[in-house]
1. Which FRET efficiency value, to the nearest 0.05, do you get for Leu149 and Glu92 by plugging their Cβ-Cβ distance into 1/(1 + (r/R0)^6) with R0 = 22 Å?
2. Extension gain His129-Ala42, at 0.36 nm per residue separation less the Cα-Cα distance, in nm?
3. Once Rh is set to the Kirkwood radius over Cα pairs, what Stokes-Einstein translational diffusion coefficient, in µm²/s, holds for the range 198-341 at a temperature of 20 °C and a viscosity of 1.002 mPa s?
4. Sequence-distant or interchain residues sharing an amide H contact under 5 Å with Glu130, placed H: which?
5. How about the range 64-98: which GluC sites (Glu not before Pro) there lie in a loop by DSSP and see at most 10 other Cβ atoms within 10 Å?
6. Where does the chain land at 222 nm, in deg cm²/dmol rounded to the nearest 500, when only DSSP H runs of n ≥ 4 count, each adding -39500 (n - 2.57), divided by all residues?
7. For the chain, set up a GNM with springs between Cα atoms under 10 Å and report which of Asn298, Asn146, Asn235 has the largest fluctuation.
8. For the range 8-127, what does the alpha-carbon gyration tensor say about shape, rounded, prolate or oblate, given a ≥ b ≥ c as the root eigenvalues, a/c under 1.5 as rounded, and a/b over b/c as prolate?
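Each reported figure results from applying straightforward, stated rules to the coordinates on display, with no laboratory input. These numbers come from a predicted model, not from an experiment. Cβ sites come from the backbone with ideal geometry, for glycine too, and all protein chains shown count toward neighbours.
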Amino acid sequence: MAGHKAMSRGNILLQVEDLSTYFHTAEGVVKAVDGVSFSLEAGEMTGLVGESGCGKTATALSIMRLIESPGRIEGGKVLFKGEDLLAKSPAEMRHIRGKEIAMIWQDPFAALNPVQTVGEQIAEVVKAHEPVQVDGWLPWQRRRRNTALWQRVYQVMEAVHIPNPPVVATAYPHQLSGGLLQRVLIAMALIGEPTLLIADEPTTAVDATIQVQILQFLKQLQAERRMTILLITHNLGIVARLCRRVLVMYAGKIVEDADVYSFFRQPLHPYSRGLLQSIPRRETKRGTLPTIPGSVPNLIHVPAGCAFHPRCPEAFAPCTAEEPKTYAVGEGHLVKCHLFA
Ligand SMILES: Nc1ncnc2c1ncn2[C@@H]1O[C@H](COP(=O)(O)OP(=O)(O)OP(=O)(O)O)[C@@H](O)[C@H]1O
Ligand SMILES: [Mg+2]
């Protein structure tokens, strides 16, 4: 995007340039990520928001190089510490995943093996990262439980405030609440002490109290370990509370990119303004919450011009004809909309 480097921002850890990822389905080509550019500042938490189906998870999976058939990364660059992840070999990527970049999956049940205890699953990750754990064993001990390994597993579980680790470790995923499962996933993601953590809707499977706890925990991690976090969420309230920057995605594209102060003071894109109006406020009367009319387009047949124009209250002639460019409005505030041409 224009103006990226001119802004007064900290060190950039990850820079995504013109990334496109399409799913080649029988119905047609789904342009899930379509020319996306953004960057993440080292040690900061950045929110990626947008309605369901706009391409948030596909963006995360592209960064991790975990897009599977019929999906394909069509082009672009994912510069991590200056090196393009899209040019790395599968073996190099396996090393980077977990060690440098870890992900907390949107669906904790799908991310875990249902027929293996959570303790065993954490232990596997520990072993993958800390092979020295099994060194120095006497032959007769080989058949017994690896005490050092399990001490480490419990320690990892304690670090994410899982109560009574030796008991919880023996549970199968279906026996645990959504909140505990999410913590198990966070624990697994943190074992390699990644520089970048991508948290995809880490709180959808849990109730409001647990949600607050998990988010506070992520915030604490980000502050204590100077971890860089990309937080994917539907919830702009969470972004306001925790993030330094926000990226708004619509129909496979980033439509607004700003620091949270200027974003919440003055959201520029009509889509962002619509998202903000649909957040409940104290003064909102019951049943009066506005929502953005219409729905996210099918990403096979995206409307011409600006994809948001059929739902946009401010659409005018150019919006149906031409895709808007990305404009810099003020310091580091980018918006992809004809209103700012
Ligand atoms: N494996 C797949 N095959 C075909 N289409 C897919 C596949 N995975 C995702 N898509 C499509 O790509 C688009 C973007 O999906 P994605 O999962 O990235 O959305 P999202 O923003 O993460 O949504 P949500 O908020 O519901 O998680 C959607 O249109 C989706 O249907
Ligand atoms: Mg998703």
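1. 0.25
2. Contour length minus Cα-Cα distance gives 29.0 nm.
3. 128
4. Here the answer is none, since no amide H 5 or more places off falls under 5 Å of that of Glu130.
5. When the GluC sites (Glu not before Pro) of the range 64-98 are filtered for loop state and at most 10 Cβ neighbours within 10 Å, Glu68 remain.
6. For the chain, the value works out to -9000 deg cm²/dmol.
7. Comparing Asn298, Asn146, Asn235 in a Gaussian network model of the chain, the most mobile one is Asn146.
8. Here the range 8-127 falls in the oblate category.
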